[in-house]
Each structure stands twice: as structure tokens, then as C-alpha cells.
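What follows is a set of notes on a single structure, which appears directly below.
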Amino acid sequence: MLLDIPEYVTWPVDGAYGIRAMLANNIDRDGRYYETSTLYSLHTRNLYETFAAPLKNYRGRVYPHGLNLYDDPRFQAFMLLPQMSLVCLGHNPSFGDDSPATKRRLLPYHPPRCFDSLWTEYLVDGVSDPGKRAEYAALLRYLRSRDPDSVKEMRDTEELRLFHGLDELVADGAEPNQVLRQRLDGSFFYGQKGLAVMRLGKMFKDPPLEYRIQFLLRTNDEVEKEDLEHQIRSIAKQGGGGVFAYCEHRNNQLMGMGKSSLS
């Protein structure tokens, strides 16, 4: 960009491995990255930001007014709540190459919001549409109110806040809309990988049957009715939502009960 050689600008933008090809091939419309691991996807957002920031501020023959990737809907979805939208029980999800959760976190959960606050700041500063900017500013204000210490951890954006006046935009008293609140605290579905994030909130202590575990009750021996009822009561006491009954004995007590799920 400093040399203002057109090919040096167009190749990383529209080349075979340019940022537009990566956005089209790697990011689903729900904003999830194609690799399963959440750590890889979070790191990739840092890499894509190294394209977005210089291009937005570039002034040259190829893009006299710069190129604003923050206005790309797919890029916005990629940067929007990448971490908190998947956190459950205070943990990042353990799938792909992620390490397993080794600690149990008790209520109230204090999930990490540093990444989400960081990229929301970039969105507030980058988008051109006033309505979208106000929406992201309300989200940033909400994230800061829930985790004031996150601002101290984001040293990379100190200059951004100083020269771009983000604090003035965030001062508005608006709250994030229902969809964003749902991504933060409620249940949500991501279509690319078929991921369903299910958070019950206050229902967690006594969830309805459809959210409970359905146990498989299998036997290949004679079982008395009293023993069977005892097992079912024990399952219900431990939070089970039902029983899938399976037996290999024709005269087993399960034969008459296998047609229904016993709550």
C-alpha cells in the first residue's frame, strides 16, 4: 500500500487467496468459521482484522476512498459476539481441537467478554450505516456494563478509543435488541454446523421434560415390576426426563412399558 502498486492492493483483496475469497468460502452466513475449533476461529478474526483496518484507511489509485470491509454483512456476522454466543455454564464449548473443560464453574458465571468487546469496538468504529453503528454501540455499552474490567484488557484499542471517540457513541442509554440478548444469554441455532446452543436460565434448576436427559433402560434378564418402578423413580429423582425401554425377554415387565416414555 505504501508503494501504491495496484497489484499489491488488488491481489490481497480479490486474488485467489484474498480477503473476499476467504469471507466467501470460510464464513457462513450465521458468522461461524468453517473450522470447528473455537480457538482457531477466534485467532482467525485477528488475522482478518489485519486486512480490514488497513483497507479502510487506504487512500490510493485502486481505492481512492478506501475499502470498508466492515460494511460487508458476512464480515459483520463474523465479528459479532464470536465467543459469548457459544459460552455455556461459563465455559467455551469443547469440540474440535479445543481442550476439555477441567473445572466446574458455579453460579453466577463470569464468562470472558474481552474478545466480544474488542471486536464490537471495531464494528462501532468501522460500519458506515448509522443504524448499525447505534446497534453495535448499544451492544458495546451493555458488554461493558456486565464486565467493566474487559476495557482494561483491550490495550490494542486504546488508540482507537482516543482518536475515534467511541466513548461518545457508547454513552447512549439504548439496550441491545432481542436477537443480540438471545445470543448472549438465551438459546440460539447456528445452521452451518447444525449447532444448537441451549441455555435455560432460571429454568435450569427445574427444566421442563423436553430439556431433560432421556435414559436408555435396557435389560436382558427377568425384572420384577417393583424393581423396575424403583429404577424409574431413581432416574426421575436424578433429573431424568424419561426412559427409552428396551428388553430381550418376551416376559419382561418392560414389554408392557416400552411403548411410552415414563417421566
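With a Förster radius of 45 Å applied to the beta-carbon distance between S234 and N26, the computed FRET efficiency rounds to 0.40.
Its convex hull of Cα atoms gives the range 1-88 a direction-averaged projected area, equal to a quarter of the hull surface, of 5.8 nm².
Rounded to whole numbers, the Karplus 3J(HN,Hα) couplings from phi for the range 19-28 are 5, 5, 5, 5, 5, 6, 9, 9, 10, 7 Hz, using 6.51 cos²θ - 1.76 cosθ + 1.60 with θ = phi - 60°, and x at Gly and Pro. Between L217 and F244, A245, Y246, the built amide H atoms are under 5 Å apart, and every one of these is 5 or more places off in sequence or on another chain. Distances between placed amide hydrogens fall under 5 Å for L195 paired with Y190, all partners being 5 or more residues away or on another chain.
In sequence order, the range 54-63 has phi-based couplings of x, 5, 5, 9, 6, 9, x, 5, 6, 10 Hz under the Karplus curve 6.51 cos²θ - 1.76 cosθ + 1.60, θ = phi - 60°, and Gly or Pro positions carry x.
Every number here is computed from the coordinates shown, using simple stated rules; none is lab data. Quick caveat, the model's predicted, so the values are computed rather than measured. No Cβ is skipped: glycine too gets one built from the backbone with ideal geometry, and neighbour counts run over all protein chains shown.
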